[in-house]
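Below: one structure, written as structure tokens.
The values are calculated or read from the model by the stated rules, or taken from the named source; none is laboratory data. Not measured: the values here are computed from a predicted model. Cβ sites come from the backbone with ideal geometry, for glycine too, and all protein chains shown count toward neighbours.
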Amino acid sequence: MTTPQEELLPGTRRALLHRIAVAQAEGRAPSLVAAVVRDGRTVWHGARTSVDGHAPDENVQYRIGSITKTFTAVLVLRLRDEGALDLEDPLEKHLQGTGAGEVTIAHLLAHTGGWAAETPGPWWERTPGALRPGLADVLGDQAAPHPAGRRFHYSNPGYAVLGALVEEVRGVPWEEALRREVLEPLGLDRTSVRSQAPAAGGWAVHPWADAMLPEPVEDFGRMAPAGQLWSTTGDLARFAAFLARGDDRVLSAETLREMRTPAAPAEVGDVADGAAYGLGLQIQHRDGRLLVGHSGSVPGFLANLTVGVADDVAAVVLANCTSGPPLAQVGADLVGIVAEAEPRIPAPWRPLRDVDQAVLELAGQWYWGTSPVALRVMADGLVSLGPLSGGGRRSRFRPNGDGTWTGLEGYYAGEALRAVRRPDGTVDHLDLGSFVFTRQPYDVGAAVPGGVDPEGWRGIG
């Protein structure tokens, strides 16, 4: 059930409708549906169609293609968070007989396993899954085109194998694990492996004529975890809200941050486009905005889910054509329309509930060599460290409960921050991954590596 569309201003709603109308008309899509999520709630739904008087709503299913991969990645991360596996485990530790060698679970999640992009044999998206009854039929006996861990190379078979990994560890079919662990807790009752009415038909539109051809609908079998799912804008809007904020019944916000952290080296063309890949999520920078999500395409359908993390705005766009509107651009534009027309209103500033004096005394200005930085104590229990102004290394740090903190992003991600004290209990310096931060530049009274010239600061003289 969507919230009233009046939550968006009339001008914003018209701009959103105009954008999808242009996309459907110029992309020659038989139908196109979209939804926008703000602050975790669906605030707009729109549709355009070539059939008079028959606009699809948020409950009509479309095939979502590779957005399925994000669902599969969520299942794998759940296993990791439960301690059933480690992402750095070789795949063969949990799923034998794949010939994966040094390929790890993390490699497959990030498409850095070096595996082929597609299965051997006929085009898997247009042929029955019964042609590929086992993993050997999905992988074939061809050599991997790239060494493991060296480069990003999108692999559909890799996600089919991740689905088989879920089955092996859980002891239930991938479809059952997905329903029980993700779909039901999040209330995604219109997302399914096979279509459930009402559902759109998939079409191919002739490239040089305004004519259409129905596309076959196949059950992908073993390849299902790579692209089988059907869903709706209503369900995917709820899934987008989950990807932005987390839900402890499925995955924590911290694990979702990990999923949207770049995990694969970008290709040359992708670097220019500001694109990267995390763990089951595509990452891109457009118009100064960080966007995460996933696109999908199978014969007859296009799909896109885009989350603007900083703006807390997400968009879902679905169409029933094999090629047509550039949905990744449309999704980014829908996010941008709302974020720019109705900027996010920050939550009220609130002070700390409890002030830890031992932490408070660390707040303020420090120096790494001669570079001034500021340590700030934040109301959410984190501390931040970064330059007083301009660019440079900066990060937030979460407390570990033992007087140390761990970096959450950037250069200092995963690095330990601690206050080094003198015998009398006063702070000598901060240690951050062996970097020393002192209260004065090259403080003569602190343990600066290499020491400080005893004659101190001087002129040229």
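For the range 186-204, residues that are surrounded by fewer than 17 Cβ atoms within 10 Å (Cβ to Cβ) and closer than 21 Å to Gly221 by Cβ total 3. Select from the range 362-386 the residues that are part of a loop (DSSP other than H, G, I, E, B) and modelled with pLDDT of 95 or more and write down the one among them that is farthest from Thr426 (Cα to Cα). Residue satisfying both the conditions and the ranking: Ala363. The conditions are (1) in contact with a Pro (Cβ under 7 Å, 6 or more places away or on another chain); (2) part of a loop (DSSP other than H, G, I, E, B), and Ser389 fails exactly one of them. Which is it? Every condition holds for Ser389 apart from (1). Within the range 78-104, residues that are within 15 Å of Val161 (Cα to Cα) have Cβ atoms under 7 Å from residues that are modelled with pLDDT of 95 or more and among the hydroxyl-bearing types (Ser, Thr, Tyr) in these pairs: Leu87/Thr104; Asp89/Thr104; Pro90/Thr104; Leu91/Thr104, counting only partners at least 6 apart in sequence or on another chain.
Regarding the range 301-317, can at least one residue be identified that is under 21 Å from Leu79 (Cβ atoms) and under 18 Å from the mean Cα position of the chain (by Cα)? No, that holds for no residue.
Matching residues to (1) out of contact with any Leu (no Cβ under 6 Å at 6 or more places or on another chain); (2) assigned by TED's automatic domain parsing to the domain that holds Gly401; (3) farther than 26 Å from Leu360 by Cβ; (4) at pLDDT below 95:
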| residue | (1), (2), (3), (4) |
| --- | --- |
| His429 | yes, yes, no, no |
| Gly433 | yes, yes, no, yes |
| Pro449 | yes, no, yes, yes |
| Pro454 | yes, no, yes, yes |
| Trp457 | yes, no, yes, yes |
| Gly461 | yes, no, yes, yes |
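Every condition in (1) part of a helix (DSSP H, G or I); (2) touching a residue at least 12 places away in the same chain (Cβ under 8 Å) holds for Asp219 except the one numbered (1). Taken as a whole, the range 200-218 holds no residue that is closer than 30 Å to Asp312 by Cβ, assigned by TED's automatic domain parsing to the domain that holds Leu108 and in contact with a helix residue (DSSP H, G or I) (Cβ under 8 Å, 6 or more places away or on another chain). Taken over the range 98-134, the criterion of being farther than 17 Å from Pro265 by Cβ, among the hydrophobic types (A, V, I, L, M, F, W, C) and either crowded, with 18+ Cβ neighbours inside 10 Å or not assigned by TED's automatic domain parsing to the domain that holds Met259 (or both) is satisfied by Ala100, Ile105, Ala116, Trp124. Within the range 205-233, the residues that satisfy the criterion of being more than 21 Å from Gly27 (Cβ to Cβ), surrounded by fewer than 22 Cβ atoms within 10 Å (Cβ to Cβ) and of a type in the set (D, E, K, R) are Glu218, Asp219. Report whether or not Val317 is in the same structural domain as Val217 (by TED's automatic domain parsing), crowded, with 22+ Cβ neighbours inside 10 Å, over 26 Å from Pro157 (Cβ atoms) and not aromatic (Phe, Trp, Tyr). Here the answer is yes, as Val317 does meet what is asked. In the range 343-361, of all residues being part of a loop (DSSP other than H, G, I, E, B) and of a type in the set (A, V, I, L, M), the one that is farthest from Gly11 (Cα to Cα) corresponds to Val355. Note on the range 420-449: residues that are without any contact (Cβ under 8 Å) to a residue 60 or more places away in the chain and hydrophobic (A, V, I, L, M, F, W, C) amount to 6. Applying the criterion of being surrounded by 12 or more Cβ atoms within 10 Å (Cβ to Cβ) and small (Gly, Ala, Ser) to the residues of the range 387-397, the residue that is modelled with the highest pLDDT is Ser395.
Leu183 falls short on exactly one of the conditions (1) surrounded by fewer than 14 Cβ atoms within 10 Å (Cβ to Cβ); (2) in contact with a Ser or Thr (Cβ under 9 Å, 6 or more places away or on another chain), and that condition is (1).
Scanning the range 67-84 finds no residues that are farther than 20 Å from Pro185 by Cβ and over 17 Å from the mean Cα position of the chain (by Cα). Within the range 417-426, one or more residues are on the phi < 0 side of the Ramachandran plot and among the hydroxyl-bearing types (Ser, Thr, Tyr). Can Gly65 be described as touching a Gly at 6+ places or on another chain (Cβ under 9 Å), in a loop (DSSP other than H, G, I, E, B), at pLDDT 95 or above and within 28 Å of Val292 (Cβ to Cβ)? Yes; evaluated as a whole, the condition is true for this residue.
In summary, helices (runs of 4 or more DSSP H) completely within the range 123-191 and bearing 1 or more residues that are small (Gly, Ala, Ser) and at pLDDT 95 or above occur at 156-170, 174-178.
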